[in-house]
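See structure below.
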Amino acid sequence: MTGTELDRTTGHAAPLIDRFARFGFAVKGIVTILIGALALRYALGWGGDIAGPRGAIEGLIDEPFNQLILAVLATGLASYAFWMFVEAIIDPEQKGSGFRGLAERAAFFVTGVGYGLLANVTVNLLLGRNGAGGMDLDDLAATALTPRVGRWFVGLVGVAIMVAGVLQLRLGVTTGFRNILTQGMSGVELAITIVVGALGYVTLGVLSMMVGYSLVEVALRYDPSEAGGWEDALWLLSTVVEGRWLLGLVSAGLIFYGFYFVLLMRYRAL
């Protein structure tokens with residue numbers, strides 16, 4: 001998407017949206033790297049535990065300068081959530097209204113809700129309300145899981161996330177994300193961005209399909225406890241045959257995906 005296209009879509013707000021989006025990319029990347037690093041440490045037998053986005057952020061409470069870190073993370077997570085809503089509603093990348101486009105935009109919207117909730121958790125931690133306002137995926141599913149409409153809604157969201165996972169996997173295999181990168185990158189910059197992006201998108205695709213399937217299970221079994229996010233998916237990977245090796249590979253993929261988003265702060269065409 002070119003700057004002209006963004007200007008046409010969002011008008012005078014485009015420069016501000018650009019800054020919010022880029023900051024959000026960087027913070028999402030940092031949080032993802034942290035999740036991957038924690039899982040990799042566990043896979044290598046170096047101690048620690050597997051954590052999802054919330055657990056990884058909660059682990060920063062006792063670190064030096066924790067207030068500043070949490071403030072930065074909260075702002076960045078909210079910025080990324082805002083960008084996901086822009087992607088879903090305004091559709092600046094012109095995904096369209098076909099099945100594939102609507103599935104991707106629905107996944108953008110769900111992602112925006114997820115990162116908005118995560119930003120809220122981070123703000124509560126910043127304010128010293130540890131454990132307050134911490135709605136997880138199963139809590140959200142339970143809220144939406146009414147006997148009729150809610151079950152269909154949760155199931156459709158799960159299907160949309162699974163479809164998005166397939167598309168993310170395809171994006172990684174085909175390196176179809178090249179078109180969102182800025183022009184004028186050096187050969188080394190382009191090569192690094194493509195490699196980490198490809199490995200990251202393949203990993204994300206696998207995890208998205210697992211998370212989406214868990215939501216479909218929620219709708220079919222009418223049981224919100226079946227809902228699971230990245231943390232549950234990583235734990236599941238650690239329990240299968242040769243799970244430590246598989247978990248290690250996925251953890252490395254998450255680190256690559258996080259690094260890719262940090263690079264997008266500079267190299268994403270907006």
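The values are calculated or read from the model by the stated rules, or taken from the named source; none is laboratory data. All values reported here derive from a predicted model rather than from experimental measurement. Please note: Cβ atoms are built from the backbone with ideal geometry, for glycine as well, and neighbour counts cover all protein chains shown.
Quick one: how many residues across region 64-87 are small (Gly, Ala, Ser) and over 14 Å from the mean Cα position of the chain (by Cα)?
Here is the first cut: in region 64-87, the residues small (Gly, Ala, Ser) are 71, 74, 76, 78-79, 81.
Still in the list and also over 14 Å from the mean Cα position of the chain (by Cα): 71, 74.
Qualifying residue count, region 64-87: 2.
Scan region 245-270 residue by residue and report those that are of a type in the set (A, V, I, L, M, F, W, C) and out of contact with any helix residue (DSSP H, G or I) (no Cβ under 7 Å at 6 or more places or on another chain).
Within region 245-270, Trp245, Leu249 meet the criteria.
Which one is modelled with the highest pLDDT, of the residues in region 191-218 that are buried (at least 24 other Cβ atoms within 10 Å of the Cβ) and more than 22 Å from Ile33 (Cβ to Cβ)?
Checked region 191-218; the qualifying residue modelled with the highest pLDDT is Leu215.
Condition check ((1) touching a Ser or Thr at 6+ places or on another chain (Cβ under 8 Å); (2) among the β-branched types (Val, Ile, Thr); (3) touching a residue at least 12 places away in the same chain (Cβ under 8 Å)) across all residues:
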position: Gly155; (1), (2), (3): no, no, yes
position: Arg170; (1), (2), (3): no, no, yes
position: Thr182; (1), (2), (3): no, yes, yes
position: Val188; (1), (2), (3): no, yes, no
position: Ala198; (1), (2), (3): yes, no, yes
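So which residues in region 88-126 are over 29 Å from Gly59 (Cβ atoms), out of contact with any Lys or Arg (no Cβ under 7 Å at 6 or more places or on another chain) and at pLDDT 90 or above, if there are any at all?
Ile89, the sole residue that qualifies.
Quick one: is Asp91 assigned to a loop (DSSP other than H, G, I, E, B), in contact with a Gly (Cβ under 9 Å, 6 or more places away or on another chain) and not hydroxyl-bearing (Ser, Thr, Tyr)?
Yes: the conditions hold for Asp91.
State the number of residues belonging to region 32-62 that are in a loop (DSSP other than H, G, I, E, B) and either in contact (Cβ under 8 Å) with a residue 24 or more places away in the chain or within 21 Å of the chain's Cα centre (by Cα) (or both).
Of the residues in that region, 9 qualify.
What residue, among those in region 63-92 that are aromatic (Phe, Trp, Tyr) and surrounded by fewer than 19 Cβ atoms within 10 Å (Cβ to Cβ), is farthest from Arg19 (Cα to Cα)?
For region 63-92, the residue satisfying everything is Phe65.
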